[in-house]
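Accompanying notes for the structure given below.
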Amino acid sequence: MSPSTSPRFFTKREVARHSTPDSCWVLLGTRVYDVTAFLRMHPGGEALIRSRSGKDVSREMEGPPHRHSENARRWMEQYYIGELDRDSGAEEAQTLRERKQTSDQTDGKTAEKTKLDEDEDEDENSPYSRCSSVDLDKDLVDWTKPLAWQVGHLGEKYDAWVHQPVDRPIRLFGNPFMEASTKTSWYWVPVVWLPIVFYFSWYCLTTLAEGTTRIDVTSDLSIPVHKYMFVPLFMFGWFLWSFMEYCIHRFVFHMKPPAHNYYLITLHFLLHGQHHKSPFDGSRLVFPPGVASIAVVSFYMIVCKILPEILGISVFVGGLCGYVVYDMIHYYLHYGSPKRGSYMYGLKAYHVKHHFEHQRAGFGITTTFWDHPFNTVIPDEKF
């Protein structure tokens with residue numbers, strides 16, 4: 001709801017009727033929120049919100065067991081749709097609406113309100129219809145224009161701005177081709193890379209099975225490599241990928257760009273900042289094809305330069321498989337609804353806290369393993 005739009009009024013009975021997966025409303029005091037779009041995103045699971053549909057969630061927002069962050073509260077305001085009319089019945093509530101419409105006509109606002117209502121009906125399933133309108137007088141960027149060339153001008157305000165997430169799609173570039181190159185549907189990751197994983201795995205196994213692969217220790221000494229060495233080499237590649245991903249995520253993606261450097265701020269936003277600004281923009285949850293290809297080829301060249309070719313390829317295949325699993329789990333943590341108490345349930349809660357409260361700590365996506373030696377573990381809280 002736009003800040004300039006007068007609030008709608010709802011009775012308790014009206015709010016209570018919206019308790020289904022297709023329409024879920026909650027109260028925060030007297031404020032009414034339509035959180036339907038957030039059900040699958042909630043780190044505590046869809047059932048946790050649905051069990052409180054039509055009710056006041058003020059106690060749950062304050063905790064215990066989990067006190068929601070300022071970013072979470074700010075995020076919730078995007079779903080605000082009106083106010084609870086505690087004292088009036090259905091007929092009195094209708095009278096209030098009629099008086100409001102009459103007042104709007106007097107002020108010359110009826111046409112605008114009617115147009116907004118029609119747009120909401122037509123675009124009910126549009127991502128934009130689930131978000132509050134951006135107040136351009138208060139926000140630091142113009143959301144009607146591509147963001148890539150704006151963020152660099154934010155300077156010292158950029159770091160705080162980029163870590164205040166919003167539930168709205170982001171457009172990075174005005175050029176359609178450039179914009180399309182920054183997006184990837186999740187299923188393209190396994191479609192493109194898994195055949196490569198399977199092919200190179202078969203190639204390594206059959207080559208090692210020939211028994212001709214040896215590691216030269218000295219000019220007079222060489223060690224044969226058995227085909228069963230493929231498994232530990234594969235797992236080492238997976239382990240190496242997880243370490244590289246953590247380091248890139250922490251030291252590159254979460255660097256704090258100098259406030260005076262327009263280009264580094266822009267680069268940071270394109271690499272990872274846009275994901276934290278709009279964490280549920282599904283088309284940007286996996287690496288774009290160009291970036292993924294460069295990363296895969298670079299990893300292949302590095303390991304094959306250090307190790308004998310067949311051993312390097314074995315390590316590369318493990319790392320590539322780890323990347324595919326990483327991207328798929330990352331997508332699932334944002335849009336999946338894992339069963340309460342499961343490993344993925346805890347990992348989803350852990351990762352979402354990284355977006356809303358602990359942006360510079362806790363990088364767990366496939367595992368929280370590296371958070372322990374690097375001391376970036378997020379404090380445990382139960383949902």
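The values are calculated or read from the model by the stated rules, or taken from the named source; none is laboratory data. In this text the structure is predicted, and so the values were computed from the model without any measurement. Methodologically, a virtual Cβ is constructed for each residue, glycine included, from the backbone with ideal geometry; neighbour enumeration extends over all protein chains shown. Areas reflect the complete protein model, heavy atoms only, side chains present, ligands, DNA and RNA absent. Shrake-Rupley method; radii C 1.70, N 1.55, O 1.52, S 1.80 Å.
If ALA160 satisfies all but one of (1) surrounded by 13 or more Cβ atoms within 10 Å (Cβ to Cβ); (2) assigned to a helix (DSSP H, G or I); (3) within 18 Å of the chain's Cα centre (by Cα), what's the number of the condition it fails?
The failed condition is (1).
What is the number of the single condition among (1) in contact with a His (Cβ under 9 Å, 6 or more places away or on another chain); (2) assigned to a helix (DSSP H, G or I) that ILE313 does not meet?
(1)
Just for region 280-299: of the residues that are of a type in the set (Gly, Ala, Ser) and under 14 Å from VAL324 (Cβ atoms), which one is surrounded by the fewest Cβ atoms within 10 Å (Cβ to Cβ)?
Within region 280-299, the first condition is being of a type in the set (Gly, Ala, Ser), and the residues that meet it are 282-283, 290, 292-293, 295, 298.
Adding the requirement that they be under 14 Å from VAL324 (Cβ atoms) leaves 292-293, 295.
Working: ALA292: 19, SER293: 13, ALA295: 18.
This residue is SER293.
Being over 30 Å from ASN71 (Cα atoms), open to solvent by less than 50 Å² (accessible area, probe 1.4 Å) and at pLDDT 90 or above is true for just one of TRP193, TRP188, TRP238, TRP202. Which residue is that?
Values: TRP188 fails: open to solvent by less than 50 Å² (accessible area, probe 1.4 Å); TRP238 fails: open to solvent by less than 50 Å² (accessible area, probe 1.4 Å); TRP202 fails: open to solvent by less than 50 Å² (accessible area, probe 1.4 Å).
Exactly one of TRP193, TRP188, TRP238, TRP202 is over 30 Å from ASN71 (Cα atoms), open to solvent by less than 50 Å² (accessible area, probe 1.4 Å) and at pLDDT 90 or above, namely TRP193.
Where in region 1-108 are there strands (runs of 3 or more DSSP E), lying fully within it, with 3 or more residues that are at pLDDT below 85?
On the way: elements: 8-10, 23-28, 31-34, 80-84.
Passing ranges: none, list empty.
So, CYS247, is that one open to solvent by 20 Å² or more (accessible area, probe 1.4 Å), within 30 Å of ARG171 (Cα to Cα) and either of a type outside the set (S, T, N, Q) or in a helix (DSSP H, G or I) (or both) or not?
Values: open to solvent by 20 Å² or more (accessible area, probe 1.4 Å): yes; within 30 Å of ARG171 (Cα to Cα): yes; either of a type outside the set (S, T, N, Q) or in a helix (DSSP H, G or I) (or both): yes.
Spelling it out, CYS247 is indeed open to solvent by 20 Å² or more (accessible area, probe 1.4 Å), within 30 Å of ARG171 (Cα to Cα) and either of a type outside the set (S, T, N, Q) or in a helix (DSSP H, G or I) (or both).
Kindly indicate the residue of region 205-230 that is among the aliphatic types (A, V, I, L, M) and outside any helix (DSSP H, G or I) and also least open to solvent (accessible area, probe 1.4 Å) among those meeting that condition.
We begin by selecting, within region 205-230, every residue among the aliphatic types (A, V, I, L, M); these are 205, 208-209, 215, 217, 221, 223, 225, 229.
Next cut, outside any helix (DSSP H, G or I) only: 215, 217, 221, 223, 225.
Values: ILE215: 64, VAL217: 84, LEU221: 93, ILE223: 87, VAL225: 12 Å².
Across region 205-230, the extreme among qualifying residues is VAL225.
Could you look through region 133-149, keep only residues that are of a type in the set (A, V, I, L, M, F, W, C) and modelled with pLDDT of 70 or more, and pick out the one that is farthest from ASP167 (Cα to Cα)? It would help to see each step written out before you state the result.
From region 133-149, those of a type in the set (A, V, I, L, M, F, W, C) are 134, 136, 140-141, 143, 147-149; that's our starting set.
The next check asks that each one be modelled with pLDDT of 70 or more; those that pass are 140-141, 143, 147-149.
Numbers: LEU140: 16, VAL141: 15, TRP143: 13, LEU147: 15, ALA148: 18, TRP149: 21 Å.
Here the residue is TRP149.
So for region 295-309 (the condition being in contact (Cβ under 8 Å) with a residue 40 or more places away in the chain, touching a strand residue (DSSP E or B) at 6+ places or on another chain (Cβ under 9 Å) and more than 19 Å from THR366 (Cβ to Cβ)), does at least one residue qualify? Give the derivation first.
To start, the set of residues in region 295-309 that are in contact (Cβ under 8 Å) with a residue 40 or more places away in the chain comprises 296, 299, 303, 308.
Among the residues that remain, those that are also touching a strand residue (DSSP E or B) at 6+ places or on another chain (Cβ under 9 Å) are: 308.
Filter once more, so that each one left must be more than 19 Å from THR366 (Cβ to Cβ): 308.
Scanning region 295-309 turns up at least one residue that is in contact (Cβ under 8 Å) with a residue 40 or more places away in the chain, touching a strand residue (DSSP E or B) at 6+ places or on another chain (Cβ under 9 Å) and more than 19 Å from THR366 (Cβ to Cβ).
Test of understanding: among LEU271, LEU267, LEU233, LEU240, which residue is aliphatic (A, V, I, L, M), in a helix (DSSP H, G or I) and more than 30 Å from VAL162 (Cβ to Cβ)? Give the steps one after another, and end with the answer.
Numbers: LEU271 fails: more than 30 Å from VAL162 (Cβ to Cβ); LEU267 fails: more than 30 Å from VAL162 (Cβ to Cβ); LEU240 fails: more than 30 Å from VAL162 (Cβ to Cβ).
After ruling out the rest, the residue left standing is LEU233.
Of the residues ASP34, ASP22, only one is among the acidic types (Asp, Glu) and more than 21 Å from VAL352 (Cα to Cα); which? Reasoning before the result, please.
On the way: ASP34 fails: more than 21 Å from VAL352 (Cα to Cα).
The match here is ASP22.
Mind checking which pairs have a first residue in region 221-232 that is in contact (Cβ under 8 Å) with a residue 40 or more places away in the chain and a second that is of a type outside the set (A, V, I, L, M) and open to solvent by less than 80 Å² (accessible area, probe 1.4 Å), Cβ under 8 Å, 6 or more apart or different chains?
Going by the 8 Å Cβ cut-off, the qualifying pairs are VAL225/THR213; MET229/SER314; PHE230/SER201; PHE230/CYS204; PHE230/SER314.
Can you tell me which of SER283, SER337 is outside any helix (DSSP H, G or I) and at pLDDT below 85? Walk me through it before giving the result.
Values: SER283 fails: outside any helix (DSSP H, G or I).
Testing whether each residue is outside any helix (DSSP H, G or I) and at pLDDT below 85 leaves just SER337.
Which number in (1) under 30 Å from ILE196 (Cα atoms); (2) among the small types (Gly, Ala, Ser); (3) surrounded by fewer than 20 Cβ atoms within 10 Å (Cβ to Cβ) marks the one condition that SER314 misses?
Unmet for SER314, out of (1) under 30 Å from ILE196 (Cα atoms); (2) among the small types (Gly, Ala, Ser); (3) surrounded by fewer than 20 Cβ atoms within 10 Å (Cβ to Cβ): (3).
Please enumerate the residues belonging to region 48-81 that are more than 16 Å from VAL15 (Cβ to Cβ) and touching a Ser or Thr at 6+ places or on another chain (Cβ under 8 Å).
Within region 48-81, GLU77, GLN78 qualify.
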